[in-house]
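For reference, the structure discussed in these notes is given below.
Bear in mind that the values in this text are calculations on the coordinates, not laboratory data. Since this is a predicted model, take the numbers as computed values, not measurements. Neighbour counts are summed over all protein chains in view; Cβ atoms, including those assigned to glycine, are modelled from backbone coordinates with ideal geometry.
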Amino acid sequence: MIHIVLFEPEIPQNTGNIMRTCVGINAKLHLIKPLGFKLEDKYLKRSHLDYFHHLVMEVYENFDDFLSKNKGPFFFLTRYGKHVYSKIDFKNLSEIYLIFGKESTGVDRHILAAHLDYTYRIPTNDKIRSLNLSNAVAIVSYEYLRQHDFFDLSKEEPKTLKGSRFLEEFL
């Protein structure tokens, strides 16, 4: 199972987009307080649309509360990462926790320093500090899924939606 952990997220639209991604990839979402919004926020609801009832989510009072209830392994995604995320060998890991920091300052520097060997970076140039949080979550999550041949995710349009032959109707 893949666990997406957001450390003190601030922007409801990012969290809403991540909620939708979690539903689409069967991931559990973990939110570590304080949150920069209320879970009832209208912007959050607009981002996750009507998928919220499928979301598996847990909220924690702080990072220590999170650690006391989850065993890892933990991978911290940060612009200060010592390794590139694509070098992680996820193939033998059936359960992982991908930890992403808040939009303004990331994960607390003391926490990162305590887990230095497990800090990872998504490569960028020197013109930006980081990628958008919801994009970063998608990039690293899909790398894990790719290494596991996407588990039981649909590789074609499901029959319950438009079906795999939908475009052929337009020939």
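Using a Cα-Cα cut-off of under 18 Å, which aspartates and glutamates could be cross-linked to K162, ignoring same-chain neighbours fewer than 8 residues away?
The reachable aspartates and glutamates, counting only those whose Cα sits under 18 Å from K162, are D50.
What ³J(HN,Hα) values, in whole Hz, does the Karplus curve 6.51 cos²θ - 1.76 cosθ + 1.60 give for segment 3-10 when θ = phi - 60°, with x put for Gly and Pro?
10, 9, 10, 10, 8, 6, x, 10
Would you mind telling me which residue in E40, E58, E95 has the biggest mean-square fluctuation in a Gaussian network model of the chain, where springs connect alpha carbons within a distance under 10 angstrom?
E40
Output the pairs from K33/K127; K71/K91; K38/K87; K91/K155; K69/K102 with a Cα-Cα distance over 27 Å in this structure; if there are none, say none.
From the list (K33/K127; K71/K91; K38/K87; K91/K155; K69/K102), the Cα-Cα distance tops 27 Å for K33/K127; K38/K87.
Can you give the percent of C-alpha pairs in segment 41-171 whose distance is more than 18 Å?
66 percent
With everything on Cα atoms, drop me the angle between helix 12-25 and the longest principal axis of the chain, reported from 0 to 90° to the nearest 10.
Its long axis makes an angle of about 60 degrees.
Quick one: angle between helix 133-147 and the longest Cα principal axis of the chain, in degrees between 0 and 90, rounded to 10, please.
Compared with the principal axis, the helix lies near 70 degrees.
Tell me what the chain gives for mean residue ellipticity at 222 nm when only DSSP H runs of n ≥ 4 count, each as -39,500 (n - 2.57), the sum divided by the residue total, rounded to 500 deg cm²/dmol.
After summing the helix terms and dividing by the residues of the chain, the value is -8500 deg cm²/dmol.
Using 0.36 nm per residue of separation minus the Cα-Cα distance, give me the extension gain between M57 and E143 in nm, one decimal.
That pair, M57 and E143, stretches by 28.8 nm at full extension.
Could you size up the charge dipole of the chain around its Cα centre, putting +1 on the beta carbon of Lys and Arg and -1 on that of Asp and Glu, and report it in debye to the nearest 20?
Using only the charged Cβ atoms, the result is roughly 300 debye.
Assuming 0.36 nm per residue, please report the length gained on full extension of the stretch S86 to D64 beyond their Cα-Cα distance.
Taking 0.36 nm per residue and subtracting the Cα distance, the gain is 5.1 nm.
Nearest-5 percent of antiparallel DSSP beta bridges in the chain?
5 percent
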